[in-house]
Amino acid sequence: MSEAGTSSKLPWFLWVLTLIAALAAGWWAWERVEQLRTSKQELTDSMVEAARLRGACEQSLADAGVQATSLEAQLAELQKSQAELSVLLAQSEAELQRLTATSRSLEDKLAAEIKRGDVKVTQTDGRIQVDLIDKVLFDSAQADISPRGEEVLTRLGAILKDIDDRQIQISGHTDDAPITLPDLKAKFATNWELSTARAVNVVRFLSEKASVKPARLSAAGYGQYKPVATNITPKGRAANRRIEVLLLPPIEARKAVLPAKDAPK
């Protein structure tokens, strides 16, 4: 009786085991599918990220190429500028040497007057300036060049006539004492006229007697309005009564140092 009952229960038990096994297999299969799905998504994400990184790398390489090209162009431009600056520097050094030689020649020619304090030679900013107090060139309150003045200007002109690349500006200056004597006032109404007449006579002498090219000469009179010393003392007034001979830099040199806003358009 018990054996028959056991036999009748066995198929049910096997059915339960089979069901459990099937459920276990189904769960495992579902778990496996989920794992595969997750792995696939991760793989897809990885591929997307890899593609993004590759694109970023390619863009970086492209940007680097553009930057390298730009840097090469900048380097070439810098090298060109350096070469141009080297040329300008060499020209400036040569010009400075010529300027210094001219200044020394003027100092040698006018050594006696310089020693007495009647003449001063200065060199600055590419210019040479020769200051001659009026008594070196003129009699008091006169515009005609004195014999002594002619001798001094002849020595000065011997240097100036060989300078071909500079404009020479002659400017006349006076102290602030007004012209009051009737005979002088008839010739020079004010210090403007006196200073201008003196400058013009120096220009004419340098051109006509010292062979300085007239196209390189100019004259200007400033009266008492550009003093270099006080007009209160006799020494100061004497310093203000002067002729200035200014050797201007070559036009090319002046253009090279013009600010960009002033450069020719």
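Brief remarks follow.
- Residue check for VAL48: at pLDDT 90 or above, surrounded by 10 or more Cβ atoms within 10 Å (Cβ to Cβ) and outside any loop (DSSP other than H, G, I, E, B): no
- Residue check for ALA141: surrounded by 14 or more Cβ atoms within 10 Å (Cβ to Cβ), within 41 Å of the chain's Cα centre (by Cα) and of a type in the set (Gly, Ala, Ser): no
- Count of segment 189-202 residues which are touching a helix residue (DSSP H, G or I) at 6+ places or on another chain (Cβ under 9 Å) and surrounded by 21 or more Cβ atoms within 10 Å (Cβ to Cβ): 4
- When segment 225-251 is filtered for residues that are within 35 Å of the chain's Cα centre (by Cα) and either outside the structural domain of ASP134 (by TED's automatic domain parsing) or part of a loop (DSSP other than H, G, I, E, B) (or both), the ones remaining, listed by number, are TYR225, LYS226, PRO227, VAL228, ALA229, LEU248, PRO249, PRO250.
- Among the residues of segment 150-171, none qualifies, meaning not one is under 15 Å from ARG241 (Cβ atoms), in the same structural domain as ALA215 (by TED's automatic domain parsing), over 37 Å from the mean Cα position of the chain (by Cα) and at pLDDT 90 or above.
- The set of residues from segment 158-215 being hydroxyl-bearing (Ser, Thr, Tyr) and in a loop (DSSP other than H, G, I, E, B) comprises THR174, THR180, THR190, SER211.
- Among the residues of segment 199-241, just one is touching a Phe, Trp or Tyr at 6+ places or on another chain (Cβ under 8 Å) and at positive phi, namely GLY223.
The values are calculated or read from the model by the stated rules, or taken from the named source; none is laboratory data. Remember, it's a predicted structure, so these values are computed and weren't measured experimentally. Don't worry about glycine lacking a Cβ; one is built from the backbone with ideal geometry, like all the others, and counts go over all protein chains shown.
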